[in-house]
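The values are calculated or read from the model by the stated rules, or taken from the named source; none is laboratory data. Bear in mind that the values here come from a model prediction, so they are computed numbers and not experimental data. Cβ atoms come from the backbone with ideal geometry, glycine included; neighbour counts cover every protein chain shown. Surface accessibility is based on the protein's heavy atoms, side chains included, excluding ligands, DNA and RNA. Shrake-Rupley method; radii C 1.70, N 1.55, O 1.52, S 1.80 Å.
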Amino acid sequence: MDAAAIPELRAEASPAGFWDTVSGTQAHPELWLVLATAGVALLLVGPWQVWRITRNSITIAHEGGHGLVALLTGRTLQGIRLHSDTSGLTVSRGKPTGFGMILTAAAGYVAPSLLGLGGALLLTGGYVTLLLWGATALLLAMLVMIRNLYGILTVVLTGAAFLLVSFLTDPEVQAAFAYVVVWFLLFGGVRPVFELQRKRRRGAAGDSDADQLARLTRMPPLVWLLVFHAVTLACLFGAGSRLLNV
């Protein structure tokens, strides 16, 4: 190895060098790539046979949202379970009523869309690497709290996809992957709210987040459904406008 390259490698291995790598920016992709990645994301969200698999990733974001807000509001996070039917359960300990519990219960359905909005802000700033590594860090942090085998497998496979793309692909592929992920969170955050609305109309979701919030706040579940719709659709249109630069 060229001796002159050794200091450069050491610099990259240092904390400062690592941060420079992670926080580096990339040029914005062409509009056709942004539209193509949006199309791929729609294919991952649209057909039921595909959605029944990809929805697991939305469940990760949903339950992660519950868990993160529980911690931020001072509750004790006891564990997260992800199930093969794409449902999930987050258990936290603390005061059973009050503002912290309300925020925790409200966080799930809006978490994927809010993550998509945050991802869009990073992408439009050129921070592709930061987005990929940030997502990986969140998945690793969540993995510690998973309490069932299927959940562990789901989070590990999702994290492995981010690591493989980050380490083994060119910047162009990383950017395309990141755009697909963000579009998927934005589109995938909208669909579960409509699914919940249909289930409640059939009387099949009596203990949903909206119903729990109704008991906590004495506001009808329909009001909370409208809140979920408003947040997820606003994130989709707001973030989509930024990504498309319109």
Checking T86 against (1) assigned to a loop (DSSP other than H, G, I, E, B); (2) touching a Leu at 6+ places or on another chain (Cβ under 9 Å); (3) of a type outside the set (F, W, Y): exactly one of these is not met. Which one? (2)
Unmet criterion (only one of (1) touching a residue at least 24 places away in the same chain (Cβ under 8 Å); (2) part of a helix (DSSP H, G or I); (3) open to solvent by less than 30 Å² (accessible area, probe 1.4 Å)) for G126: (2)
Give the residues of the range 67-88 that are out of contact with any helix residue (DSSP H, G or I) (no Cβ under 8 Å at 6 or more places or on another chain) and of a type in the set (G, A, S), sorted by residue number. G79
Residue count for the range 70-90, restricted to those that are touching a strand residue (DSSP E or B) at 6+ places or on another chain (Cβ under 9 Å) and open to solvent by 60 Å² or more (accessible area, probe 1.4 Å): 6
What number of residues in the range 26-44 are assigned to a helix (DSSP H, G or I) and out of contact with any Ser or Thr (no Cβ under 8 Å at 6 or more places or on another chain)? 13
Residues that are touching a Pro at 6+ places or on another chain (Cβ under 9 Å) and either aromatic (F, W, Y) or under 15 Å from L122 (Cβ atoms) (or both), drawn from the range 132-175: A175
Does L196 meet the test of being outside any loop (DSSP other than H, G, I, E, B), in contact with a Phe, Trp or Tyr (Cβ under 9 Å, 6 or more places away or on another chain) and open to solvent by less than 40 Å² (accessible area, probe 1.4 Å)? yes
Could you look through the range 99-117, keep only residues that are farther than 16 Å from V227 by Cβ and open to solvent by less than 30 Å² (accessible area, probe 1.4 Å), and pick out the one that is nearest to the chain's Cα centre (by Cα)? G116
I'm checking my understanding of the structure. Among residues of the range 199-244 that are in a helix (DSSP H, G or I) and of a type in the set (S, T, N, Q), which one is nearest to F99 (Cα to Cα)? T217
What's the total number of residues in the range 32-79 that are of a type in the set (A, V, I, L, M, F, W, C) and within 15 Å of the chain's Cα centre (by Cα)? 8
Is one or more of the residues making up the range 136-150 under 27 Å from W224 (Cβ atoms) and either modelled with pLDDT under 95 or in a loop (DSSP other than H, G, I, E, B) (or both)? yes
